[in-house]
Structure formats: C-alpha cells, structure tokens
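Everything on this sheet refers to the single structure shown next.
The values are calculated or read from the model by the stated rules, or taken from the named source; none is laboratory data. Computed from a prediction, not measured in an experiment: that's the story for all the values here. No Cβ is skipped: glycine too gets one built from the backbone with ideal geometry, and neighbour counts run over all protein chains shown. The accessibility values were calculated without ligands, DNA or RNA, using every heavy atom of the protein model including side chains. Shrake-Rupley method; radii C 1.70, N 1.55, O 1.52, S 1.80 Å.
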Amino acid sequence: MAALEEGFTLSAVPLGAGPHGLLGVEQSDKADQFLVTDGGRTVILYKVSDQKPLGSWSVKQGQIITCPAVCNFQTGEYIVVHDNKVLRIWSNEDVNLDKVFKATLSAEIYRIHSIQGAEPLVLFKEGAVRGLEALLAEPQQKIETVISDEEVIKWTKIFMVFKHTVLIFITEKHGNYFAYIQKFNSHTLSKYTLLLGQEEKSVIQSFSASVDRNFISLMSLSSDGCVYETLVPIHPRDPEKDQRVVRSLLLKTVVSGDARNGVALTVLDQDHVAVLGPLLPSSKECVSIWNTKFQTLQASKELPQGTSGQLWYYGENLFVLHGKFLTVIPYKCEVSSLAGALGKLKHSQDPGTQTVPHFVNWETSRGHRFGSQNSEQSKRILRRRKPEVSVQNPASKQLLSAIKKDSEKHIEEELCKFLAIKPTPDFNTIIGDIVSELLGRHKAEPSFYPRNSLMQLIQTHVLSHSLCPGLMEAALEKADVQMLQLCLQQFPDIPESVTCACLKIFLSDSVQEEKMEEQTEVLHNGFNAEEENCGNCDRELNKKPQDAAEETTSCPVIPKRAALLNAILHSAYSEMFLLPHLKDIPAQHVTLFLQYLYFLYLKCSENATMTLPGLHPPTLNQIMDWICLLLDANFTVVVMIPEAKRLLLSLYKFVKSQVCICSELNKIEVSFRELQKLNQEKNNRELYSIEVLELF
Amino acid sequence: MGEFKVHRVRFFNYIPSGIRCVAYNNQSNRLAVSRTDGTVEIYNLSANYFQEKFFPGHESRATEALCWAKGQRLFSAGLNGEIIEYDLQALNIKYAVDAFGGPIWSMAVSPHGSQLLVGCEDGSVKLFQITPDKIQFERNFDRQKSRILSLSWHPSGTHVAAGSIDYISVFDVKSGSAVHKMLVDRQYMGVSKRKCIIWGVAFLSDGTVISVDSAGKVQFWDSATGTLVKNHLIANADVQSIAVSDQEDSFVVGTAEGTVFHFQLVSVTSNSSEKQWVRTKPFQHHTHDVRAVAHSPTALISGGTDTHLVIRPLMEKVEVKNYDAALRKITFPHRRLISCSKKRQLLLFQFTHHLELWRLGSTVATGKNGDTLPLSRDADHLLHLKTKGPENIICSCISPCGSWIAYSTTSRFFLYRLNYEHDNISLQRVSKMPAFLRSALQILFSEDSAKLFVASNQGSLHVIRLLEGSFKHLHTFQPQSGTVESMCLLAVSPDGNWLASSGTSAGVHVYNIKHLKLHCTVPSYNFPVTALAIAPNTNNLVIAHSDQQVFEYSIPDKQYTEWSRTIQKQGCYQEAYRPCL
C-alpha cells in the first residue's frame, strides 16, 4: 500500500503565481533544499523540513523569469533565465540578481537541465542542446534549429543512463507528438513519432518518464483521463530514420475525463504513479497514488482549494500548488507486491463460501515489461475498456441514461434488467461506470441515495475500491453501516484510512441506538433478515446470540456491532499504514473494541483448535493482530482509563497464562520427540535384515 | 552374476574414540592422529588419505600432545608424564621417558627438529635434546606457577611462547628465563570468568604471538613489547586449537562449538602492501569440540570429540579438481574389525576392549531382487569376550569352522577354543601361547581351520598348526633381509596352498605353505595395499590399492593376468570414490 501523509504549506506568503502557477521546483545541491521559481520574477530557496525560506532573489522590474532556476551540482551555483535569452548565474552569497554574472545568448532557451554528476544542459526552443560551459565560453554562438516550424516543445526531462546524460523532449505539431532523444556520449539525436492509437482525438495533458536500461518509459496522461505508456528505446537501431513508437493503455480513467486542466502525472517508482486531478467528474481535485502493476488506487488526498495542474516529486515529497500555497505532501510507497497491493493477505477462506472478486486478471500481468514496444501490450481488465463495447451494450447505455434523471425506483428496475443479461468480459468496468454515475448524481443532489441499487451492484462481486473510490466515502457520509460491511466483505483493496473510518462508525453510538429497536427481532448476521434483499451476504455470522447468552462472560457488544467489527477484522491492511489512523479513535471506543477482541480471544481459547464457532469467523491471528495494533496505537491513552486498565490487566494475565501453557507444551513436545526417537531406535534395534540382491 | 541373500548387519555398534591431537608432517605428507583411547594413527595424505599405520592404545596413556621431529620421528606425550617415541617401522613403542613434571599438557619440537620442549602440570617447561636413538633431558626453563597448556617455538628457535592459565609467557631459549608475561583478560562477554585457559599459542616469525583461549578469543600479541595488538571474539565457548601454515599467511582455529575458523593475512586494500589478519571462512563440519587442528599446504585438518577427522581442502590451493579437492570425513579405522565364520554363520566384532560374537539369522523365504525376506530366526548375540588389562585389542579373527577365536594385544596373544552343544557355547582358553606371537598385526585361519597364520610386528610370519585344544608352531617366515617392515595384510588361498602377505609399502609376498617357502613377490606399487584376496580355483591374487586400482596376479604363473593388464590400460575403476578397503 501507499500513503499520502498530512501535507504542509511551504510558504505562508502567497506566491505571485500567475495563471500558469509556478515555473518549477528544483533540487538544490543540499538535501532538503529546493529552488522554487514562481511565474513572475522571484526565485526562492526553501528548506523543506524547516518549512522556511533560506534565500530569495528577484529580477528587475520589467524583466520576467522564463525558465525555472536550477542548481549546478558541480559548482553549487544557481542558474536562471530571464527574458528567454539572458542567463544569470549566482551563488548563495549574492543578494542582487542584477549584479551577478550575466550572459546573453543568441537564441531563446526552453529549459536548463541540471543533474547530479553532470554539467548543466541548456535546451533551446528550437531543439538544440548545449553544455553550459561551452555556451558560456562563447555566448553568442550560433544555435541551430533542430525541430521544424510550428513544432513546439511540450515537455522535457533528463536522465543519467550508465553515467551518461540522456535528454528527452516532446514536441507537438498539429496534434502530432514527437519524441527526441539526445544522447551526450555519442552526440546522437533520435526522433520518434508517437502514435496515439485509437484515442486519436485526445490531447496529451501531462507527461512523465522513468528510465530503465534500454528504454525510457514515457507516461502520458491524456484528456480522456487515461494513463498511457510508451517505451522509447535509448539506443535506436537506426538513428537516422524517423521511427514510430506506439503507446499502450496503462491505467483507465484515473482522472475524470472532462477535467480540462489541472491534471498532472508523475512517475514515483517502477510501479507507482502520482496523479493530480479529480477522481470523479464532480468531485474536487485530488492527488492520488496508483499502483500500475496491480492497477489499484493506493491513496488519495483531496485538494479543496484547487490546484494548478503541476506536480513535482523529489525524494519522498510531492510538491503541489494548493490554492495559492505550495504544499509539500510526504508520501510512502511500499515495494509493489501482490500482498502489498491488497494489504495484509486475507486469511485463507473455506472453499465455496466466498471468493475474492476477480477484478484483476493477474495472469496477464506484465511479464514482458520491456519487450518489443510494438508488441501488443497485455490486456488487463480493470479500468480498461474499448469504447465500442459499451456502445454495443444497449442495456448499460439505457441504464446509464436512466441514472441521469430517473427516480431511484426506476433505476432499480433498470438495474435488475441489466444484471439479468449475461455478463460480458468487460462487465466489471461497466459496473464501475454505473456506480460512478450513481455516485456522481448522489454528489450533485445529496437527497438521491440509491442504496438498494448500490447494494445490488456491490454483490456482483466485481467491484473494488479502486474501481469506485467514492462509494465507501458516500456510505461513510451516510453512516450506512450495512453498505460498509458489505464493502468490507467484498472489496479486496480498501485503503487503511477508509477501514479505520469504518471502524470509527461501527464503534460509534449510532450503531448502539439502532440496536434498541431491532433487538427483539430475529437477527441474522447482525441484520434483520427481511432487510436483506439478497441472500448472498448473510454467510458471515460471528456468533449466534443464544451462544453468547450461554457464555459465562458475555459479549460486550450487541450482535450487530459484532458482525460489523468482524468485517473489520477480516479486512486486509498493512500495519504501517493502519497504525496512524488507529490513533484517532476515541479512547472509549478503543476500550470497547479491545473488550470485544478480548472476548473473542477468550472464546478462541476455549477449544483446542483455537477457532470460533460459526461460519467464516475471525481467526485467532486476526484477533491477536488487532489487539496488538490497537495497543500499539493507543497504549498511552488506554493505560490512563481505569476500566481499560482493568481490561489490560486481565488481558495481560490471560496472555501470560497462555504463554505459560505454550512453553510447557513446547517442553512436552521436546520430550515427546525424544520418546519418539527412542521408539524409533527400538525399532532400529532390529538392525538386521536379509535382503535379496541380484548382481549382473 | 546371480542372486544373493545379503545379510544387512547394522548391529556392529562400533564407536570410535574422539580425536585428541593431530600432527602434520610436511616432508612425508603424513598426518599423525591420536585418539582419546591412546591410539595413534598415521594417515598418508598422498595415498588418498589412507590410514597406513596405527599404534594400539592403552588405557593409561592419554595422549595430550603429538609432534614430528627431524627424520620422520614421531613423539607423543600425555597425562602419565611420559614422552613416547614410536617406531614407525615395527609399529610399536620405541621407548618412553618420564619427564618428571607431572602430567604433560603440551609438547613442541624446535624448528630445526633437534630439540623437544614439554610443558608440565607443575608449571615447568623442560627442554630435551633429540639424539639419534633417544631423547636426552637438557634443562628446565623458569618454572611457572600453573600448568603449561600450550607451547610454540619462534621459527628462529630463539624464543618460545607458552600458554598457561590466565597468562602467556615468552621464554628466551638460551637463558631459559621468561622475557615477557602477557596477562589475558578473564572477561567473557562482560562476565568475569574464573579462569582463562590458553589452549593454544602460535609464534610467528615477525614476533607476533597468536593465542586462543577458553573465553572464545583469538588474540594477537606483540612479543617484543608484550602488548595485545588485536582481539577477535569468535565463539561463545572455548577456542581449543590453533595451527598456522608454513608460509604464515593463514591459520586455523577450532572451537568447542564444533566450528573451525580460517584466518588469512590479506591486504587491507586491493593493492596495498599493508596486510592484516582477517577471519575469512567458518566451517561447521563438527558437532562437538574441535580439539585439534592442523594446516597442510592445501588443506585445513580438524578433529575432535565427535571422532571425525575432517580434511577440508582450500579450493584456492588445489590445482587439479580431482578427489583431493573434495571434503574428506574419516570416521572409521581403515582396517578389518569384523571376521566371519562361513560354516557356522558367525560374525566376530572387534571393539577396543572386547569382542562380540553374533550368529546370523536365517530365512526360509525366497524373493526377487530388492526384497526384504521375513526372518525365521533373528540374529543372536552369542558371546561377549572382554580383554584383561588396559591394552586395546590390535586384531582378532574367528576360524571358518567357528571353533577358534584368536586376538592379540600389544603384550599378549590369546587363542580360544569354542565348543557348541546345541544352544550352549563353552569357551576354553588355550594356554601357554608363545611370547613371539604378541603384538600381532594380523591373524588368519586357513580355510580348513587347521592352521593359524600370525603376522607379527617384526616383519615375520608365523605358521601354527591347530589341534583339538592345542597347537604346534610349524614355521616362521623371516622377513626379507634388511626389511623390518611389519606385515599388515594376509590372505590365504581356499585350497590352503598359498599365503599372501603385504606390508605398507613393499610388495606382496606369496608363500607356499606346503613347502613352507617363499614362492614369489609381486612387484611393489606406488600406493599401499588396502586389501588382498586369493580367488578359489584359479589361485589368482587380487590386490587393491589405495589409489583405487585393482590388480590380479596369477600365483601359479607368477605374472599379472590378462584381465588385470586390460583393466590397467582402460582404467575403468575411476568412478569409484572411496579407497578400496
């Protein structure tokens, strides 16, 4: 899993950010210090951990900075360009930019690139590239034109590949995109035409790239909201020829398709990308981390004050412009693994009782990541769908249009009709779209909450949190515990923050109140049986009420709450990301939950197999893990509460006795093993046999 | 070839004794190993690690130190306070000299091989001069206050390091006085132990003294200043042994945890001349204490309480990747401990201090290849014969008819007559065995059990006729003139006409028993003979050597057989791994 931590603003003073936001955020030669260039006249050096500026430099009135300031890692000096052609080089001690070294060049500069271990490179708007030293030796030298007329550089990046710098820049001309790769060890420039494939009409809104041995993996975020990947070879077979590279879909609809601006993409590591933009059409802009390998949404964070569509990342920090403030959001990404993508693995389930939704076809995961770039990329089902398929499906189309305006009742009917049809291969994405559509309308008119339809959709077993990020949010808002329980049971990829939010609601008093009314009725899985319009989800029963009554120690929570909490116990999580959220739970609730866990633990210990009765109960490991987690997160609080203290004491005593038993058992086991050995030896006492051997 | 009923006997419960000392001789590439029961074994590392000689043990002779001196002379010293020299030809003890210092804990031969130093219980270090036929006490060094557990000469022969309890002394050999006394830290993992025993010291030519002690430390001392230079804590238990290579670029230590550590002198950086000792490789081939280690030019040798002798070749030193490059673990003695009575289906097992007689089981069932047949009668333990006295049994034999058992110790020869009456066995000792039979190395009965052949350690071969309950000395084959090499292996032809005998290096002699004279001598071969047998009918002598070669020699024709010649040309026995025994 991944997590976005609480961000902090870097500057209290609003930057003079123009409509285009900042020019750039660049690393300086000291760790933790960054050069921020605003769109006007100022360059500020920030120390991120201290959240304060260390220095600020401005150009004269009338001049304008045209290219973000960078640090020359070889000399420790800073370089900025103003008025397209004028280079300024200064160091920390300089105060006035007017008085520092100045060089006027003969052509307009697009960007200056600086990278650790190499001299800075200057990329001109005409596509030529020069080393800084060579340029300073003869500032007025003639700069050749590399790209054609009307071709405009859109984006550029520099890499170190085997100690050599490689520069890539993308140009656009009449809706066509070209990639240029400039290698400095061989001074070769290769040109590639980016073929956009089926999505011809889309406009690329943001680029990001990472490098691997032989390929630059160029990711692009298109106006249709999808992330595409293009593999551009660093060492072309025939550099002279104009070559073509195709792009393939990597993630489908990571931002809402109609977001025209304010979207950005950056590659964090091999398997994670950060995306800036609204997740749903009507939702606020947010920054989210996606796992490209498993196609799961790992974390997201809303930016209610809007953003400029610019995203930088250095080390473990994301830099975004939030409103008028430059905000630093530290993030954490675990190494991508199946377990990591899905959190702590769910315990093995009894065959036939429940299957994890097959929302991702893992088999066709990318085995040949950097194979031939022309070969068709493997198809993944999640979030990828050919547009015509959905067009061909009239039922879904009809349903989608119904959602836009009809009443809940009508939608339900349409949905039943739709679900009756045999599922198509892209069934899950269609379901995802339907849910998004429903949620979109819910957002627009809060009174519209198609609970039954949503429940029905969840029970199709194809939904996941990544597919409909807003669903649980909406359920949380409505405190719809039944829906949340269902989601917890069905979704394999719920972020820890959401799990914890569910836990908070489950432990809150709202659940308790409902109990008063329902207690008299026959409870099934903590819910009224009649309330369940689908028989699918009633398998999870923690403990029958009559069982609980027979126990000497009674269950501290009502069966309904117990069922909900069991859903939490079953959910997947990574400790690292769960712990910070657990700290936010109020102390009384922690106590209650602990009481319940302690009760379960006692129950478990009653039989030899250490299991709980009932279908699909929480396992001892889950219970113990949660006790540990809760205590880890809230120990200092819990020890202060008298009743919790008592609980802790009895828990401690019980665990101690269990440990005692285990150690004694261990001793016995050793003795038994010795006995067994003796026994074997006794058998081997008959160390004599007569065998027939044939020699040839 | 045919189908055989194979009796799989796993009840020979022989447990070898633990290894106490090892001593490597560079000139002859031989390794002397002493065990806790006092046995000393000589391994020929050039001959495929064959155990070519052994000296039977003695209960009172616990060997604590073993070393080679100039001219392939082997000395041992032990807790009975005696220094013993072994006769490697006659395979007996040449002489024993009491050092008069109480139990001897350590011994070291001077670099020139002419002086012998022993460290005693009373804290004395005694210097002996090695004379051509004996050793001569010369003088005592300054007496120390506790026992001397380890000794090491400086390669120049001028100084000696002696490890005691809690300290190491450096002696000047000329004056015999202690020049330095280096106190060893008693601390062990932060806890003060009662005493720190210096189990081993090694004196390097640059003046460095390496010590290993009971606190698990390997320490480097500067003998000129008497200061500690470097300290390696390598074990939680005692480090019990140390051996340095001749080049002084690597050494090996053994710990009580069964681990052997290899230290090497390596450059600090890739092309600097400054070198330092680095612990490079740990080896865990032992389960118990590694009491002794040795360092040959190409291998690390270790042995200990778990009775295994482990020879671990250093891969970087081995040029040819053949058997020599493989790890060797030698556990059992390379000699015959079992003899068999074919007629009565009896097995005689030889242990250190007793013999066991077992009768094999039988079956009436038949089966095909690989079947285990049901037993109609299980194997029986018939007899447990204990030796008198402290000496170990050297060799034993049961006659083919099962009526005679003979065994020998260093000082006596025993012959027993067995009588079988239904299930009862009675044992009757034949008295007044002649004294010249003692210390026999090999005993063999003829096929008809009428003759007894005894190979003595003087190189002679005695033929004795057995009568009902008595015996008669028939003849003695004297060794060839000039050789006193003892005979280790005997084989008699089933028709009773021929007797083949072999020592460790000279050729195989074939005697005609009818005429009691030497028939012929099979030419000697580079590798020692490991097994001998004469085939029935053809009277072809089959000889196996430790380099895994098998020869067939026709006794009547006095020449190698055609088959043997073909085999030698083709060399088809290369796949066999273990030496033939």
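Structure notes:
- Nearest-0.05 FRET efficiency for B:Thr225 and B:Val268, computed from C-beta distance (R0 22 Å): 0.50
- Ranking B:Ser439, B:Ser106, B:Val218 by how far each Cα lies toward the positive end of the dipole of chain B (charges on Cβ) leaves B:Ser439 at the top.
- Label-point separation in nm, B:Ser177 to A:Glu694, each point 7 Å along Cα→Cβ: 8.5 nm
- Charge dipole of the range A:408-494 about the Cα centre (unit charges at C-beta), most positive-ward option of A:Ala475, A:Ser436, A:Gln456: A:Gln456
- Solvent-accessible surface of the range B:243-334, taken per residue with a 1.4 Å probe and all protein chains present: 46 Å².
- Shape parameters for chain B, alpha-carbon atoms, Rg then Dmax in Å: 26.5, 82
- The range A:51-150 - charge dipole about Cα centre, Lys and Arg +1 at Cβ, Asp and Glu -1, debye rounded to 20: 300 debye
- Proportion of all alpha-carbon pairs of the range A:559-656 beyond 16 Å (%): 55 percent
- Point-to-point label distance, B:Ala535-A:Glu302, nm (Cα→Cβ direction, 7 Å offset): 9.8 nm
- Accessible area of the range A:559-656 divided out per residue, in Å², using a probe of 1.4 angstrom: 42 Å²
- A:Glu93-A:Ile421 FRET efficiency (beta carbon distance; Förster radius 51 Å; 0.05 resolution): 0.10
- Per residue solvent-accessible surface (Å²) - the range B:19-242, probe of 1.4 Å: 36 Å²
- With eigenvalues of the C-alpha gyration tensor scaled by 5 and rooted, the range B:81-139, Å: 19, 14, 9
- The protein assembly as shown - percent of accessible surface contributed by carbon and sulfur, probe 1.4 Å: 52 percent
- Put a plus charge on the Cβ of each Lys and Arg, a minus charge on the Cβ of each Asp and Glu, and nothing anywhere else: the dipole of the protein assembly as shown about its Cα centre is then about 4040 debye.
- Taking all C-alpha pairs of the range B:338-570, those more than 31 Å from each other amount to 28 percent.
- Measuring max minus min along each principal axis, the C-alpha atoms of the range A:1-146 give extents of 49, 40, 31 Å (largest first).
- Interface area, chains A and B: about 1800 Å² of buried accessible surface, summed, with a 1.4 Å probe and ligands, DNA and RNA left out.
- Across the protein assembly as shown, Cα-Cα pairs farther apart than 63 Å form 45% of the total.
- Taking 18 Å as the cut-off, the amide N atoms of the range B:1-23 that come nearer than this to a point 7 Å along the Cα-to-beta-carbon line of B:Thr287 belong to B:11-20.
- In this label model, A:Ser510 and B:Leu375 are separated by 7.9 nm, measuring between points 7 Å along each Cα→Cβ vector.
- Pairwise FRET efficiency - B:Glu138 versus A:Leu665, Cβ, R0 = 56 Å, nearest 0.05: 0.25
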